[in-house]
Amino acid sequence: MIIENFYRSIYRIRRAEEEVARLYPSDKIKSPVHLSIGQEAISVGVCEALATQDVVFGTYRSHALYLAKTGDLKGFFAELFGKSTGCCQGKGGSMHLANLEMGMMGTSAVVATTIPQAVGYAYAMKMRGEKKIVAVFLGDGSTEEGVFHESLNFAALKALPIIFVCENNGYAIHTHQSQRQHLADISAIVRAHGIETKRIDNNDSRALYQLVKSASHSMRTEETKPLFIECFTSRWKEHVGPQEDFYLGYRSEHDVEEWKKSDDVIKLGACLAEVVKSQIEREVEAEIQVAIKFAEDSPFPTKDALFNDVYFEAAAIKSEVNQSESRNLTFIDALQEAFDQAMDLDDSVVVFGLDVDDPKAILGSTRGLPQKYGDKRVFGTPLAEDAMTGVAIGMAIAGLRPVHIHIRMDFLMLAMNQLINIAAKTRYMFGGQASVPMVVRSIIGRSWGQGAQHSQAFHSYFMHVPGLKVVAPSNPHDAKGCLIAAIKDNNPVIFVEHRLLHSQIGPVPVNAFEVLPGKARVALTGKDITLVGISHMQVECMRAHRYLQGVQISAEVIDPIWLSPLDMETILNSVSKTRRLIIVDNGWTTCGAASEIASNVAQHFEGCADIKIRRMGFEPVPCPTTPSLENHFYPNSRSIASLSYKLTKDINSDWLPEINPDFQDVEFKGPF
Ligand SMILES: Cc1ncc(C[n+]2csc(CCOP(=O)(O)OP(=O)(O)O)c2C)c(N)n1
Ligand SMILES: [Mg+2]
């Protein structure tokens, strides 16, 4: 232990944050600041003990962690000033500090959300046999979030090399721990998960260093297992901002004064000879002034930066590769083959989710994979959609290609925070440093009377979010090609599949191949009307095409395949020929995919009186259970043909085709 290093680090943090507080009123700092003043010893103790290659994840209160791990004052100040030279190119600000090269893996403004990512990163390290240790910092408030407990459970279950560092400053904003937690003993709760706990009192960086040093040594050389350290500490400034807040009355100045007696800046400084101490201080002061000047002189990002790094862009536009001989497979078998080939080609592909390794193997789509690729790469998870999504993100940041499977898309609602706040944003808010190559596979659709909470399709929710891709293949060929493309994609992809498609049989190339993002397919050509069918509605549109042939109407049927990025060009080309369009969504029309396509077409053909556009989709009620109601709720080939007839013949006709008995779906009868 070299005290000079401790002192340099802690003095640098204290003085840097005092400068932040001093500069804040000048409006040079462009984001909210949650100062760590009073808590610095914890970041210093942990980061001094970790090896350079080890990594840390933090919270929005991570100035101290950033500086203790990286020492990067220039990137820090420039980021707070919103400048392009900041550690995240000015796109993160104080609450999103990251420097991946130096092991600072990122912070989040949403409480507790980096915890599962750190766990996922640790999983990747263990799986690959890398000797890196992961430390994740969290506040006492975050231990009340469900994702905290889900993450602890998984870390304990898999005996991961992770250290949870809880900075217990007693408060979540202005509310004391005792007013928020019935059992105000965080460590006791952690022990109930089977994780060893330690405590550090009085901001003692050196005691913390010893603990982390020995724990990380044994994780590297003996067995890996998580450790939880509860560090009692005190935040001296207000929750957010540069001031003190004793006037609010939620805590007393006396309490903080007591904490100031154990200030580690003073304790560490007292261990050094005066000449050494003042030499360090002089050097740090100079460093800080250089960094502030650097931040002041740096340019703000220009407009192009607004659009950079939303997605990881592929280096070159690829074509559909490796098309080979085909044979008939079911949709499910095509998916199974896609998994098998993707896992065979790339050992960074991991597949997990509830029940993926059970005898039913997600309707057969994951069968054989656990036996072939082992339980590290294919595993069933605890019931923890939220944390396991964060785990997938952490794995992806660590270089794996996780596929997280959900037997029903309805369950994605429990994972929305990680998907929307984290997966979709990580690349952008960290200035392009990270990418999140993950796939979330989810099954939608009617049958077996699954009703309001087991049939829903939410693709439009995800289409709304920059940073995500969305795909909904409608045949076995695309099921395989899209799944492989999604796995290879360096962005988070939401993969949507309708259960009525599962038993469909069609030609599928033998070799691995990709159906590329952003390319729709004209499935059937026609001249009178364009039908765009999403997911299973593609099948209904193809049937409608047959009905319409019987009344001499020629429909062009388009399968968008990828909903984000959406290939509007193919749709617009078709409509410029047919002048009529029906978009049939397998979802609600309000703010839905059909509305998005319709508005694009309306804008494009503005002023053209002969263009007719209609949306079809779920009725504006929850999904019903009984078939007698289902039949009215979902569009079908006959209702599509009927509306097409009206639009094409330009008459108010009630024409409805006779039922063609060949047009039957194989109903899903459950259970899984
Ligand atoms: C999920 C979520 N809920 C609420 C908030 C608002 N919020 C911001 S900080 C905070 C308190 C968190 O307390 P703690 O985890 O103890 O961290 P500390 O601020 O003390 O460092 C809250 C509730 C948030 N950012 N995220
Ligand atoms: Mg707190």
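The values are calculated or read from the model by the stated rules, or taken from the named source; none is laboratory data. Worth saying up front: this structure is predicted, and the values here are computed from it rather than measured. In this analysis, Cβ positions are derived from the backbone assuming ideal geometry, glycine residues included, and neighbour counts consider all displayed protein chains.
Look through Gly431, Gly390 and report the one residue that is modelled with pLDDT of 95 or more, more than 13 Å from the chain's Cα centre (by Cα) and either surrounded by fewer than 24 Cβ atoms within 10 Å (Cβ to Cβ) or not assigned by TED's automatic domain parsing to the domain that holds Lys91 (or both).
Gly431
Could you look through region 63-91, keep only residues that are of a type in the set (Ser, Thr, Tyr) and surrounded by fewer than 24 Cβ atoms within 10 Å (Cβ to Cβ), and pick out the one that is nearest to Leu306 (Cα to Cα)?
Of everything passing the filter in region 63-91, Ser84 is nearest to Leu306 (Cα to Cα).
Residue check, Val471 against (1) among the β-branched types (Val, Ile, Thr); (2) within 24 Å of the chain's Cα centre (by Cα); (3) farther than 25 Å from Met542 by Cα, all met but one. Which one?
(3)
On the basis of being part of a loop (DSSP other than H, G, I, E, B), among the aliphatic types (A, V, I, L, M) and touching a residue at least 60 places away in the same chain (Cβ under 8 Å), does Val551 make the cut?
Judged against the criteria, Val551 is a match.
As an exercise: evaluate Ile280 against (1) surrounded by 12 or more Cβ atoms within 10 Å (Cβ to Cβ); (2) within 16 Å of ligand 1 (Cβ to nearest atom) and give the number of the one condition it does not meet.
For Ile280, the exception is condition (2).
State which residue pairs qualify: first residue modelled with pLDDT of 95 or more and inside region 246-264, second residue assigned to a helix (DSSP H, G or I) and hydroxyl-bearing (Ser, Thr, Tyr) in any location, beta carbons under 9 Å apart, and separation of 6 or more residues or different chains.
From region 246-264, the pairs are Asp264/Ser205.
Kindly provide the set of residues from region 598-625 that are assigned to a loop (DSSP other than H, G, I, E, B) and charged (D, E, K, R), ordered by number.
Passing the criteria: Glu606, Asp610, Glu619.
Pairs under 7 Å by beta carbon, first residue assigned by TED's automatic domain parsing to the domain that holds Glu144 and surrounded by fewer than 20 Cβ atoms within 10 Å (Cβ to Cβ) in region 157-177, partner at pLDDT 95 or above and in a strand (DSSP E or B), six or more apart or different chains?
Gly170/His176; Ala172/Gly139
If you take the residues in region 612-646 that are more than 21 Å from Thr590 (Cα to Cα) and not polar (S, T, N, Q), which one is surrounded by the fewest Cβ atoms within 10 Å (Cβ to Cβ)?
The selected residue is Pro627.
Tell me which of these Gly38 doesn't satisfy, since it passes every other one: (1) surrounded by fewer than 21 Cβ atoms within 10 Å (Cβ to Cβ); (2) touching a Phe, Trp or Tyr at 6+ places or on another chain (Cβ under 7 Å).
Checking Gly38 against (1) surrounded by fewer than 21 Cβ atoms within 10 Å (Cβ to Cβ); (2) touching a Phe, Trp or Tyr at 6+ places or on another chain (Cβ under 7 Å), the one that fails is (1).
Checking Lys132 against (1) closer than 17 Å to Lys225 by Cα; (2) touching a helix residue (DSSP H, G or I) at 6+ places or on another chain (Cβ under 7 Å); (3) surrounded by fewer than 21 Cβ atoms within 10 Å (Cβ to Cβ): exactly one of these is not met. Which one?
In the conditions (1) closer than 17 Å to Lys225 by Cα; (2) touching a helix residue (DSSP H, G or I) at 6+ places or on another chain (Cβ under 7 Å); (3) surrounded by fewer than 21 Cβ atoms within 10 Å (Cβ to Cβ), Lys132 misses (3) alone.
For region 48-62, name all the residues that are more than 16 Å from ligand 2 (Cβ to nearest atom) and crowded, with 20+ Cβ neighbours inside 10 Å.
Glu48, Ala49, Leu50, Asp54, Val55, Val56, Phe57
Would you pick out the residues in region 529-548 that are in contact with a Lys or Arg (Cβ under 8 Å, 6 or more places away or on another chain) and either free of Cβ contacts under 8 Å to residues at least 60 places away in the same chain or of a type in the set (D, E, K, R) (or both)?
Once the filter is applied, which keeps residues that are in contact with a Lys or Arg (Cβ under 8 Å, 6 or more places away or on another chain) and either free of Cβ contacts under 8 Å to residues at least 60 places away in the same chain or of a type in the set (D, E, K, R) (or both), region 529-548 yields only Thr530.
Out of Ala159, Ala192, Ala184, I need the residue that is over 28 Å from the mean Cα position of the chain (by Cα), more than 15 Å from ligand 1 (Cβ to nearest atom) and not β-branched (Val, Ile, Thr). Which one?
Result of the check over Ala159, Ala192, Ala184: Ala192.
Among the residues of region 647-671, write down those that are acidic (Asp, Glu), surrounded by fewer than 16 Cβ atoms within 10 Å (Cβ to Cβ) and in contact (Cβ under 8 Å) with a residue 40 or more places away in the chain.
Glu667
Take Phe137 and tell me if it is in a strand (DSSP E or B), in contact with a strand residue (DSSP E or B) (Cβ under 9 Å, 6 or more places away or on another chain), within 16 Å of ligand 2 (Cβ to nearest atom) and assigned by TED's automatic domain parsing to the domain that holds Val256.
Considered against the rule, which asks whether it is in a strand (DSSP E or B), in contact with a strand residue (DSSP E or B) (Cβ under 9 Å, 6 or more places away or on another chain), within 16 Å of ligand 2 (Cβ to nearest atom) and assigned by TED's automatic domain parsing to the domain that holds Val256, Phe137 comes out as yes.
State yes or no: is Val557 at pLDDT 95 or above, in contact with a strand residue (DSSP E or B) (Cβ under 7 Å, 6 or more places away or on another chain) and surrounded by fewer than 17 Cβ atoms within 10 Å (Cβ to Cβ)?
no
Can you name every residue in region 187-238 that is closer than 30 Å to Asp255 by Cβ and basic (Lys, Arg)?
Arg191, Lys198, Arg199, Arg206, Arg235, Lys237
Taking region 94-122 as the search range and keeping residues that are under 17 Å from Gln53 (Cα atoms) and either part of a loop (DSSP other than H, G, I, E, B) or of a type in the set (D, E, K, R) (or both), which one is farthest from ligand 1 (Cβ to nearest atom)?
Checked region 94-122; the qualifying residue farthest from ligand 1 (Cβ to nearest atom) is Glu101.
Have a look at Lys74, Lys30, Lys91, Lys83 and point out the one that is in contact (Cβ under 8 Å) with a residue 12 or more places away in the chain, in a helix (DSSP H, G or I) and in the same structural domain as Glu296 (by TED's automatic domain parsing).
Result: Lys74 is the single residue among Lys74, Lys30, Lys91, Lys83 that is in contact (Cβ under 8 Å) with a residue 12 or more places away in the chain, in a helix (DSSP H, G or I) and in the same structural domain as Glu296 (by TED's automatic domain parsing).
Does at least one position in region 169-180 carry a residue that is away from ligand 2 (no atom under 16 Å from the Cβ), of a type in the set (Lys, Arg) and over 21 Å from the mean Cα position of the chain (by Cα)?
no
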